Structures are given as C-alpha cells and as structure tokens.
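In what follows, a single structure is set out as structure tokens and then discussed.
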Amino acid sequence: MVQLKIEDLQVYYKTPIGSIKVLYDIDLEVEKGDSLGIVGESGSGKSTLGLSIVRLLPPNGKAYGKIILDGRDLLSFSSAEMTKVRGTGIFMIMQDPFNSLNPVKRISDQLLEAVEIKYARKNEKVDKGKMYDEVMKRLRDVKLPDPELIINRYPHQLSGGQIQRVVIAMGLLFEPEIMIADEPTSALDVSVQAQIIALIKELQSKYNMTLLFITHDLSVAYAVSDKLLILYGGRILEYGPTEEVINEPLHPYTEGLLKSFPKGNYKEGKLYTLNGMPPLFTELPKGCVFNPRCPYAFDKCFVDEPSLYDVDGRRVRCFLKNENKQ
Ligand code: ATP
Ligand code: SF4
C-alpha cells in the first residue's frame, strides 16, 4: 500500500538576489513499511525535501505540488492540522540532535511533556505513573544504558550518541508511521554512527514504520534502504530498487559515485574521484544539470534537459537511457 506519494514537488527560497528554485519536479512513492534512501552531495536539496514533507521549511521557503500522506495532501493542511500530523504521523530526526532538546530541562521532564502532549491531543486522561512507564519503555527501545540514571540528567550531561537515542525515543513516544532521518549520524563519532544506523533500522522493522533516510553516503543508504533516490542539483537523477541501482547503475552520476567507493587501494593512488563540483542553483548549466561532470556528454546534453525516463520500472534522467535517445 502506498503511504507517501509526492507529485510534482517544486521548492523555492526567497533570497536577496531573487527567488531560487532548489527542488524540481520531484515525484516519488513509498510503500508502507518500506525504506527509501535519499542520497546526494551537499546542497543537492536533500534536507529541503525532508523539511517540505514535514512542512518545516524556513519562512523564506515555499513548496508547490502535492505531498500525499495516506490519501491526504499535506500541502493543503492548516498549521494546526499539520502540527497534529507531525506529532503522530511523521517524525523527523534532524542532523544535530542537540538542537532537538531543551538544554535547561532534564530529559525526564522533556519526555514526560511529550507523552502529555500526545494524550492531550487524543483527549485521553492518563496518570503520571503510566506515562513514566511509557517513557522508560521507549528509553529501553533505543537501548540507552542505565535509563533510570540518564533520565535525570540534562542534555549537556549526555554524549552525542546518547542524545540521539533520547531524541529517537521522544519520536517513538508519538508512535509515528513515518520516520524521516536527516543525516542522523553526521554529528556523531564514527564508532557511534553504525550503532545508531543499526538502531534506526531495527526500530523501523519492530514498529513497521516507513523510513526516509537522508544521507550523502551511498554505502549507508545501501545498508538501510529498499529503494534509492539519487538527488543532484535539486533533480531526481535516478530512482529504483536499491540492489538494482547499486548493481547496475543507470545514471552516469550514480556510476561515478559507485566508482568513488574506496576499495582498499588508497596507497596506490587509484581512488576514483568525480570531476568537478556540484552546481550552484544560481548558475545551473544549460541542458542536463550533470553535463559539466559527465564523461558521456554529447551535443544534445548542452542544449536540452532530459526528462525522468522509465527504464524497466526504474527511473533515470539521462538521454542515453531513453529508448530513442531523444
Ligand atoms: P547538506 O547535505 O549540506 O545539508 P542538502 O542536500 O540537504 O545539503 P539543502 O540544505 O536542502 O541541501 O539545500 C539545498 C539548496 O538550498 C542549497 O543551495 C542551499 O544553499 C539552499 N538553501 C537551503 N536553505 C535555504 C534558505 N533558507 N534560504 C535560501 N537558500 C537555502
Ligand atoms: Fe551525461 Fe548527457 Fe546523460 Fe546528462 S543526459 S547524464 S550529460 S549523457
């Protein structure tokens, strides 16, 4: 069953030099309980996509199109309706977990407040003891060591990994159907990153949540997702089942990303790097957005922009993969 469907999403930011478009023609579908890896270099529009879904774009951002959750278009919701969805339907784990907690309140107070809000929204009266039990259950879900001790601390008394676990526990309190994780490990030590990724995956399967995992790291996306979406210059360049995209990339950009994977040959100086830099939205190239870096670019690529073509049930934005090479 399709749970989240995005149709023709376009996002603009107002800036002192005018309105800049940063997401173009985004179409995607995610089935209930599936996981979608959203991969792209810095500035490709990954966070903008996540923030559009939860309707938390900064005030100068504006989204157009449709974001349909369980048949209802979120872009048509009032702020009050959207607050309810954010509390129950969708939960977003942000890049820096410290920003998700109040630094001057104990963890216990913040988590208990979250449960209170949940029951107030449902108009249910629940006693404090039951709420405390619920908080402890979620802290055990996220495998925090000594939750009875940690719950009495302030955020600055926890490590980055512990904070991220607390934030995930807070999200679980609302029993979300969709979890959006935006680079959830980028602010953490490498040793903790794998644990948090494994935890998110485990919780997704335990609670049958739909997962959108945003990352710049294709290997992480490979580990967590059923489908992959490759974003570049605000466009989807490739979209399809993870195994197929990794084993047989259709887009030259995906091919380049895969070739850039280190294979233990650093010392021999053979590490492949993609030429050039991602484009600036204020200076997008004419034609295909990837043409300055593409080893296969031909005349047409510098004039026209390719559409997102269907290729055997997968999607790719490249003239070479269009049947008629139009
Ligand atoms: P990163 O991995 O570095 O977080 P990203 O892929 O998530 O990058 P976004 O943060 O979505 O990319 O940004 C996409 C583009 O939109 C970038 O060019 C960025 O500079 C621009 N942008 C983001 N927020 C704003 C804003 N509030 N006002 C103007 N431009 C913005
Ligand atoms: Fe490369 Fe042309 Fe394909 Fe773009 S359309 S990815 S420039 S071959």
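Quick one: pull the percent of accessible area on the chain belonging to carbon and sulfur, 1.4 Å probe, ligands and nucleic acids left out. For the chain, the apolar C and S fraction of the accessible surface comes to 52 percent. The length gained on full extension between T83 and F261, counted as 0.36 nm times the residue separation minus their Cα-Cα distance, comes to 60.0 nm. In this structure, the pairs whose alpha-carbon distance is over 25 Å, taken from K5/K227; K105/K128; K14/K105; K105/K137; K66/K137, are K14/K105; K66/K137. Computed from backbone phi with θ = phi - 60° and the Karplus coefficients 6.51, -1.76 and 1.60, the 3J(HN,Hα) list for region 102-112 is 7, x, 9, 10, 4, 4, 4, 4, 5, 6, 5 Hz; x is used for glycine and proline. The chymotrypsin sites (Phe, Trp or Tyr not before Pro) of region 198-240 meeting both criteria, a DSSP state outside H, G, I, E and B (loop) and at most 15 other C-beta atoms within 10 angstrom of the site's C-beta, are Y207.
Between N322 and F302, the distance separating the two model label sites (each 7 Å from Cα on the Cα→Cβ line) works out to 1.9 nm.
Rolling a 1.4 angstrom probe over the protein heavy atoms with all chains in place gives the chain an accessible area of 48 Å² per residue.
Among F91, F281, F290, the largest mean-square fluctuation in a Gaussian network model of the chain (Cα springs under 10 Å) belongs to F281. Most simply put, the chain has about 65% antiparallel DSSP beta bridges, counting only bridges with both residues inside it.
The residues packed around G89, meaning those with a beta-carbon under 10 Å from its beta-carbon, carry a net charge of 0 if Lys and Arg are +1 and Asp and Glu are -1.
Taking the simple approach of a point 7 Å from Cα along Cα-to-Cβ for both S191 and D310, what is their distance in nm? Result for the modelled spin labels: 5.1 nm.
Take S108: with every protein chain present and a 1.4 Å probe, its accessible area is about 10 Å². For the residues Q95, Q157, Q193, a GNM of the chain with alpha-carbon springs under 10 Å puts the largest fluctuation on Q157. For the chain, the dipole from Cβ point charges (+1 on Lys and Arg, -1 on Asp and Glu) about the Cα centre works out to 640 debye, to the nearest 20. Helix 190-206 and the long axis of the chain differ in direction by around 80°, with both axes built from C-alpha atoms. Of the chain, which part is the longest with no trypsin sites (Lys or Arg not before Pro) in a loop (DSSP not H, G, I, E, B) and with at most 16 other C-beta atoms within 10 angstrom? Looking at the chain, 154-262 is the longest stretch - no exposed trypsin sites (Lys or Arg not before Pro) with at most 16 other Cβ atoms within 10 Å. GNM on the chain, alpha-carbon springs under 10 angstrom: the most fluctuating residue among E248, E177, E124 is E124. The slack between H216 and F98, meaning 0.36 nm per residue of separation minus the straight C-alpha distance, is 40.4 nm.
Percent of C-alpha pairs per 10 Å bin in the chain, short distances first: 5, 24, 32, 23, 11, 4, 1.
Straightening the chain between L149 and R121 buys 7.2 nm, computed as 0.36 nm per residue apart minus the Cα-Cα spacing.
The values are calculated or read from the model by the stated rules, or taken from the named source; none is laboratory data. It should be emphasised that the depicted structure is a prediction, and the values quoted were computed from it without experimental measurement. For neighbour counting, all protein chains shown are included, and Cβ atoms are generated from backbone atoms with ideal geometry for every residue, glycine included. Note: accessible area is taken over every heavy atom of the protein model, side chains too, but ligands, DNA and RNA are not part of it. Shrake-Rupley method; radii C 1.70, N 1.55, O 1.52, S 1.80 Å.
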